[in-house]
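Okay, so here's the structure we're looking at.
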Amino acid sequence: MSSERYQVVIVGAGLVGAAAALALGRQGLTVALVERQPPDTTFHGFQPVESRTPLVGQVPDETWDTRIYAISPASQRFLERLGAWQRMDAGRIQPVFRMDVAGDRFGAIRLDAYEAGVSHLAAIVEAGRLQHALWQALQADGNVALHCPADIDSIQWGEPHTQLSLADGSTLEAELVVGADGAASRIREWAGLGSTLTPYGQSGVVANFACGMPHRGTAFQWFFDGDILAWLPLPGNRLSMVWSTQTAHADELVALDAAALAGTVRAAGHDRLGELQLLTPAAAFPLRLIRVDSVVAPGMALIGDAAHGVHPLAGQGVNLGFGDAEALVDMLAQHRQARCGDVRVLQAYARQRAEPVQRMQALTHGLHHLFSDERAAWLRNAGMKVADRLPPLKAALVREAMS
Ligand SMILES: Cc1cc2nc3c(=O)[nH]c(=O)nc-3n(C[C@H](O)[C@H](O)[C@H](O)COP(=O)(O)OP(=O)(O)OC[C@H]3O[C@@H](n4cnc5c(N)ncnc54)[C@H](O)[C@@H]3O)c2cc1C
């Protein structure tokens, strides 16, 4: 069976792995991208390295993805530089101009792009369309070898090259293996890097609705009884819901019929956008905090959910992942004379990412606890009320949301 040698092999072609591959390929590095399963969108004319038949799946169509992301302006700029953002249908991107956050008593805070002097706070996109755009950009560039569908059987860590044996018997060699293989990362496990998974005992229920009233680009978020309900605006009179709630309640919500779910979500959102009509079946995802002891080892680096897991209340998971991809690519570019797997370069990447990741984990974890504790009700609502009257604090919150 064949053996191919690359400077970097990335395992996992989700949004973060695909973006990292695109960026590294553009730096002129030899890069392979290994993905277990083709995404559920079709890439017309695309010829993966391993397979000579086009990937199967669906062309993004008129239906709305249940998986929606609030992309920060910093991530948007990164995706623009990669030429992926421009490949998305502008009619399917919704800028967020305002965020209305309400506590469970009298507290409320409004963040406004106009007041903060920025064009928008975030852009709402469908996961499948962004994935499609990234893979199209990979195809157009043509300088990343995509192995899909392909699974890793085993890894022999070594210097200067690590050997990855694929399930089909072929071998890839790499100076640097990048684990972009998600929260249950096998690369992390194979590298022996410790991680702590703390379940929140909650699930995020996601579903899309048509709404009776225009949202005017406003994202709504309510904190009540330990739950967090978010309505993100979609183009037209539509919204995407993420309801973080106790797992048993999440199961009940998912089991409701369309009319009952729409009625429950409408009532929980204080009827802010009129009548709701379910567009996509509801789905639930378990929520957990994942802390990884170290995100690098000689010849190995983790990015995206493989490197950290955060509560989705701030909608920042994939943005943190894009930040990892950008930082790793920049670090390798700054140390062109070193081998890609040089642990000193990788440690510089790890140091650069430690602060933003820990800050986001502390913020989301802290907010989750603040809003789950009945004794803290007065404090959190008063805090929001005060914060809403402090323009510098609001500007700082906008900066945090945009980074
Ligand atoms: C309910 C909910 C709502 C969310 N909302 C938001 C939001 O609004 N904004 C936001 O920024 N984030 C949000 N997130 C977080 C976001 O979903 C993740 O942070 C993001 O998808 C991580 O991307 P990734 O590419 O790192 O990992 P994944 O998307 O998990 O991709 C990993 C890839 O690796 C592949 N893979 C795995 N193992 C192997 C292997 N052995 N060999 C080959 N390939 C492999 C998988 O097939 C997959 O394609 C939300 C999360 C939840 C649960």
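Things to note:
- Karplus-based coupling profile of the range 219-231, in residue order and whole Hz: 9, 10, 9, 10, 10, 7, 6, x, 8, 10, 10, 10, 10, with θ = phi - 60° in 6.51 cos²θ - 1.76 cosθ + 1.60 and x standing for Gly or Pro.
- Protection proxy ranking, peptides 85-93, 205-213, average beta carbon neighbours within 10 Å, highest first: 205-213, 85-93
- Placing +1 on each Lys and Arg Cβ and -1 on each Asp and Glu Cβ, with no other charges, gives the range 149-243 a dipole about its Cα centre of roughly 680 debye.
- The mean sequence distance of close C-alpha pairs (under 8 Å, at least 6 residues apart), as a share of the length of the range 192-246, puts its relative contact order at 41 percent.
- Residue-wise HN-Hα couplings along the range 180-194, as the Karplus relation 6.51 cos²θ - 1.76 cosθ + 1.60 with θ = phi - 60° gives them from phi, are 10, 9, x, 4, 9, 3, 7, 4, 4, 5, 5, 7, x, 8, x Hz; Gly and Pro carry x.
- Residue (of 267, 214, 230) at the positive-pole extreme of the range 204-285, dipole from beta-carbon charges: 214
- Under the Karplus curve 6.51 cos²θ - 1.76 cosθ + 1.60, θ = phi - 60°, whole-Hz ³J(HN,Hα) for the range 334-351, x wherever Gly or Pro sits: 5, 10, 4, 6, 8, 5, 4, x, 4, 5, 5, 5, 5, 5, 5, 4, 4, 5
- Descending by average beta-carbon neighbour count within 10 Å, the peptides 10-16, 236-242, 153-159 line up as 10-16, 236-242, 153-159, the highest first.
- Peptides 339-345, 285-291 ordered by packing proxy, namely the average of other Cβ atoms within 10 Å per residue, highest first: 339-345, 285-291.
Values in this text are rule-based calculations from the coordinates and carry no lab data. Bear in mind that the values here come from a model prediction, so they are computed numbers and not experimental data. Glycine also receives a Cβ, built like all others from the backbone with ideal geometry; neighbour counts cover every protein chain displayed.
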